[in-house]
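First the structure, in the form of structure tokens, and then the observations on it.
The values are calculated or read from the model by the stated rules, or taken from the named source; none is laboratory data. Quick caveat, the model's predicted, so the values are computed rather than measured. Glycine gets a Cβ as well: all are built from the backbone with ideal geometry, and neighbour counts include every protein chain shown. The area values use the complete protein model at the heavy-atom level, side chains included, leaving out ligands, DNA and RNA. Shrake-Rupley method; radii C 1.70, N 1.55, O 1.52, S 1.80 Å.
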Amino acid sequence: LHRQGIVHRDIKPDNLLLDEKGHVHLTDFNVAAYLPPDGRKLTSFSGTISYMSPEVLKKSGYREEADWWSVAVVAFELLFGKRPFRADSTKEVMYKIVHAQYRFPSSSMREISEECYDFLTQSLEKDISKRLGCGQNGAADLKNHPWFDGFDWKKIENREVAPPFTPNLKAGNFSGVHEMEDILLEDKPLKPKRRMSMALP
């Protein structure tokens with residue numbers, strides 16, 4: 001997508017679907033946007049708040065780096081069963097993403113490798129200039145991280161690598177839990193409101 005000049009802006013578990021063989025597909029391009037070819041940054045407030053990067057919430061300008069942040073949040077959630085920034089209200093979540101430091105679960109160092117820990121630490125970096133995948137080499141730095149040592153990215157892209165999990169087609173592979181969490185975070189989920197009013201000052 002990034003090579004095609006597109007930023008997805010809403011990478012989250014709900015939008016990652018598995019086909020019958022277990023290959024993952026990114027879906028829902030409702031808020032995806034073309035990146036200005038002249039290097040200008042986007043400033044619109046788009047996506048799902050729990051997975052938004054600090055620069056999106058602050059409207060300080062972003063390009064591909066917003067997607068890499070979301071990928072890191074999803075990785076954290078898949079590994080530990082919870083997001084790095086949690087709170088009882090949407091505004092609290094937004095504040096934490098911009099200002100607070102996340103914490104790894106106390107058992108994390110027994111559950112994940114040092115390489116995985118380093119990947120998450122570098123990817124959940126609030127400073128764009130230091131975030132993995134956002135430097136001069138772009139995605140190459142992310143792909144070359146030691147956590148992915150031995151990955152053949154071309155084969156993965158061409159779906160030539162056997163996935164470690166195959167969905168049970170009879171049982172289905174969708175869960176509404178994540179959507180319910182987002183609804184419960186809203187102070188007044190059934191009241192109409194302007195999305196832009198959620199942005200941080």
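Restricting to the stretch 88-110, what's the tally of residues that are among the aliphatic types (A, V, I, L, M) and without any contact (Cβ under 8 Å) to a residue 12 or more places away in the chain?
Selection size over the stretch 88-110: 1.
How many of the residues in the stretch 105-142 are closer than 25 Å to V7 by Cα and either loosely packed, with under 14 Cβ neighbours inside 10 Å or in contact with a strand residue (DSSP E or B) (Cβ under 8 Å, 6 or more places away or on another chain) (or both)?
8
Can you confirm whether L26 is surrounded by fewer than 17 Cβ atoms within 10 Å (Cβ to Cβ), within 12 Å of the chain's Cα centre (by Cα) and either acidic (D, E) or within 19 Å of R3 (Cα to Cα) (or both)?
Yes; evaluated as a whole, the condition is true for this residue.
Tell me yes or no: at least one residue of the stretch 67-84 is surrounded by fewer than 19 Cβ atoms within 10 Å (Cβ to Cβ) and in contact with a strand residue (DSSP E or B) (Cβ under 8 Å, 6 or more places away or on another chain).
Yes, the conditions are met somewhere in the stretch 67-84.
Among the numbered criteria (1) open to solvent by 30 Å² or more (accessible area, probe 1.4 Å); (2) more than 11 Å from the chain's Cα centre (by Cα), which one does S89 miss?
The number of the failed condition is (1).
Inspect all residues belonging to the stretch 2-14 and state whether any of them is at pLDDT below 95, closer than 27 Å to R159 by Cβ, out of contact with any His (no Cβ under 8 Å at 6 or more places or on another chain) and among the acidic types (D, E).
no
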